[in-house]
1. Among the numbered criteria (1) more than 8 Å from every other protein chain (Cβ to nearest Cβ); (2) open to solvent by 10 Å² or more (accessible area, probe 1.4 Å); (3) closer than 22 Å to A:P84 by Cα, which one does A:M155 miss?
2. Looking at region B:24-42 only, could you name the residues that are open to solvent by less than 30 Å² (accessible area, probe 1.4 Å), in a helix (DSSP H, G or I) and either within 14 Å of chain A (Cβ to nearest Cβ) or away from DNA strand C (no atom under 12 Å from the Cβ) (or both)?
3. Would you check if there is a residue in region B:53-64 being among the β-branched types (V, I, T), more than 24 Å from B:L167 (Cα to Cα) and in contact with a helix residue (DSSP H, G or I) (Cβ under 8 Å, 6 or more places away or on another chain)?
4. Is it fair to say B:Q193 is part of a helix (DSSP H, G or I), open to solvent by 30 Å² or more (accessible area, probe 1.4 Å) and in contact (Cβ under 8 Å) with a residue 12 or more places away in the chain?
5. Restricting to region A:50-80, and then to whatever is among the hydroxyl-bearing types (S, T, Y) and closer than 20 Å to A:F30 by Cα, can you tell me which residue is farthest from DNA strand D (Cβ to nearest atom)?
6. Kindly provide the set of residues from region A:34-88 that are at negative phi, small (G, A, S) and in contact (Cβ under 8 Å) with a residue 24 or more places away in the chain, ordered by number.
7. With A:T53, A:T82 as the choices, which residue is modelled with pLDDT under 95, polar (S, T, N, Q) and over 16 Å from the mean Cα position of the chain (by Cα)?
8. Run B:D9 past the list (1) among the charged types (D, E, K, R); (2) surrounded by fewer than 19 Cβ atoms within 10 Å (Cβ to Cβ); (3) within 19 Å of the chain's Cα centre (by Cα) and report the number of the one that doesn't hold.
Number of protein chains: 2
Amino acid sequence: MVRVTDTTDLRERRRLATRAEIEAAALDLFAERGSERTTVEDIAAAAGVSQRTFFRYFPTKEDAVLGIHRSFHRAIADRIATLPDVFAAVAGTLAAMSAGDGAPIHRLLRVRYLIARDDNLRRVALCLDAEFCRNGQDLITAALGGGTDLRARVMMETVSVALRAALDEWAMRRHAGEDADLTAVFQQACGFQLEMFEKLRGYA
Amino acid sequence: MVRVTDTTDLRERRRLATRAEIEAAALDLFAERGSERTTVEDIAAAAGVSQRTFFRYFPTKEDAVLGIHRSFHRAIADRIATLPDVFAAVAGTLAAMSAGDGAPIHRLLRVRYLIARDDNLRRVALCLDAEFCRNGQDLITAALGGGTDLRARVMMETVSVALRAALDEWAMRRHAGEDADLTAVFQQACGFQLEMFEKLRGYA
DNA sequence: GCCGATTTGGCAGTGACTGCCACTATGCTG
DNA sequence: CAGCATAGTGGCAGTCACTGCCAAATCGGC
């Protein structure tokens, strides 16, 4: 996504270039000293723009690095909209991403690794996940028809747990040198959930 | 929890009274105009203290109303520490609370209803839930022994989903006049999860 | 009634973010 | 190619959350 070239409009190109520059600067600074010890002024200066301009591109400093996160959510939501099986939608997106040219997955890896070690960033990412769940919830209730809103919510948030945990685990393992597969880790996380409910069936 | 009397120390009593006053003021103001449209100055003035003093009692304005939330988490964590079955721990806490004198559950009801309608508050509460999950995760790995940290995380976060959804659903229903039972709603939420994984077993 | 510890308020400062205004650059039009 | 509407940028002032610091008041024990 977000290809800097591929557009004839100079203004548009410039805009995308600036955006990319800010994102890169934020990524570097966050990795270096953490998001809390980095000010918007720092990021803006590193990207060669004013603070005011920074806020025209991103609403918060955390948002500057969470772009892939957002597009990742969008990709999953698109799948959910067509086939309303949340597990399949996530697994499919993960597989498609792993099979792709590698750029998005590398961005995701870097950001997820950052998130895993940065409390502030993790909080913000968690809120984004919650937003994503609300969207997905609406898609599911729209597709499967109304009735219990609670069911759709629980479904979305439950896969979201497995997905989030898998992303963190994957990022940590990859950073440690292992060549972990995202889809595999996700399925492992789902496996733990399944196991929980296998035991639970005793109660209910 | 937080009994205003029951202490001989006058200072301590005063402190608790001030704390309770601030909490009540925040609760009222948040209910009236939402947490974002309420400033710390507003809360402090309503509670009859300075802004500086407010921040000696609570680190953020959102924290002023999330006290029960915290003690609720503590109660669950205590149970997990003794018996490391997360479902049982949550269900047990819920049952004990419902059976109690009613004060904590009414506070919880009010706050949860607030949270369900206030985006900002919901975000903060979600972050508290995440913190709670991290604690619980540590307790589980400590009790059940190490190995996969991922499993403990997934377990905690998965029950947390059911719990959070149940709390919201319960608060909404109760506010609508129905006399919904928290434990029952929680079990319903868990039931939806179980159902998900019953279908999932086809894939795996 | 005095002393040490606690609590409080005020004030200045930082950092996130917004609204406003003037300035510049772009790209379209005659 | 000059001229103009529009988009993009920077600066500035302002609000709000939150912190550190210092002085005044209060409390509890002697």
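1. (1)
2. Of the residues in region B:24-42, the ones open to solvent by less than 30 Å² (accessible area, probe 1.4 Å) are B:25-27, B:29-30, B:34-35, B:38, B:40.
Then drop every residue that is not in a helix (DSSP H, G or I), which leaves B:25-27, B:29-30, B:40.
Matches in region B:24-42: B:A25, B:A26, B:L27, B:L29, B:F30.
3. Yes, region B:53-64 contains at least one residue that is among the β-branched types (V, I, T), more than 24 Å from B:L167 (Cα to Cα) and in contact with a helix residue (DSSP H, G or I) (Cβ under 8 Å, 6 or more places away or on another chain).
4. Considered against the rule, which asks whether it is part of a helix (DSSP H, G or I), open to solvent by 30 Å² or more (accessible area, probe 1.4 Å) and in contact (Cβ under 8 Å) with a residue 12 or more places away in the chain, B:Q193 comes out as no.
5. In this case the residue turns out to be A:T60.
6. A:S35, A:A47, A:A64, A:G67, A:S71, A:A77, A:A81
7. Criteria check complete, one pass: A:T82.
8. Here B:D9 meets the rest and fails (3).
The values are calculated or read from the model by the stated rules, or taken from the named source; none is laboratory data. Just so you know, these numbers come straight off a predicted model, no measurement behind them. For neighbour counting, all protein chains shown are included, and Cβ atoms are generated from backbone atoms with ideal geometry for every residue, glycine included. Heavy atoms of the whole protein, side chains included, go into the accessibility calculation; ligands, DNA and RNA do not. Shrake-Rupley method; radii C 1.70, N 1.55, O 1.52, S 1.80 Å.
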